[in-house]
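Engineer: This is the structure I have questions about; it appears just below.
None of the figures in this text is laboratory data; all of them are computed from the coordinates on show. Since this is a predicted model, take the numbers as computed values, not measurements. Cβ atoms come from the backbone with ideal geometry, glycine included; neighbour counts cover every protein chain shown.
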Amino acid sequence: MAGGDFIRDGPRPDHGGRLTAPVMITSIMAEFGGVIFGYALGISGGITAMESFLQTFFPDIMRKMADAKRSCCLVESFPSSARPSTPPP
């Protein structure tokens, strides 16, 4: 069972693992990799949502977005608080 060693009551067996310098360095590198990856995703997500970026690199997407804004069937145009939570009887 996953995580069973942490849940088990009573004495736990010693697996002989130690906190050594290579373990610490590897853990720190993995941690910083996750931080940098998350930061890069946040930055690139913000840039790709900018209208100037879309106009420069994806003008067809900008046209589709403009057409969708003029459409009467946008989901965003209908407030979520006005939608019923359950279907009518």
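Engineer: On full extension of the chain, what length is gained from Ile36 through Arg63, given 0.36 nm per residue of separation minus the C-alpha to C-alpha distance?
Structural biologist: Value of the extension gain: 6.4 nm.
Engineer: Still on this structure: In sequence order, what are the phi-derived ³J(HN,Hα) couplings for the stretch 29-46 according to the Karplus relation 6.51 cos²θ - 1.76 cosθ + 1.60 with θ = phi - 60°, rounded to whole Hz, with x for glycine and proline?
Structural biologist: For the stretch 29-46, the Karplus-derived couplings read 5, 5, 5, 5, x, x, 5, 5, 4, x, 5, 5, 5, x, 5, 5, x, x Hz, x marking Gly and Pro.
Engineer: Let me ask something else about it. Can you give me the distance in nm between label points at Gln55 and Thr20, each placed 7 Å from the Cα along the Cα-to-Cβ direction?
Structural biologist: Placing both labels 7 Å beyond Cα along the Cβ direction yields 5.9 nm.
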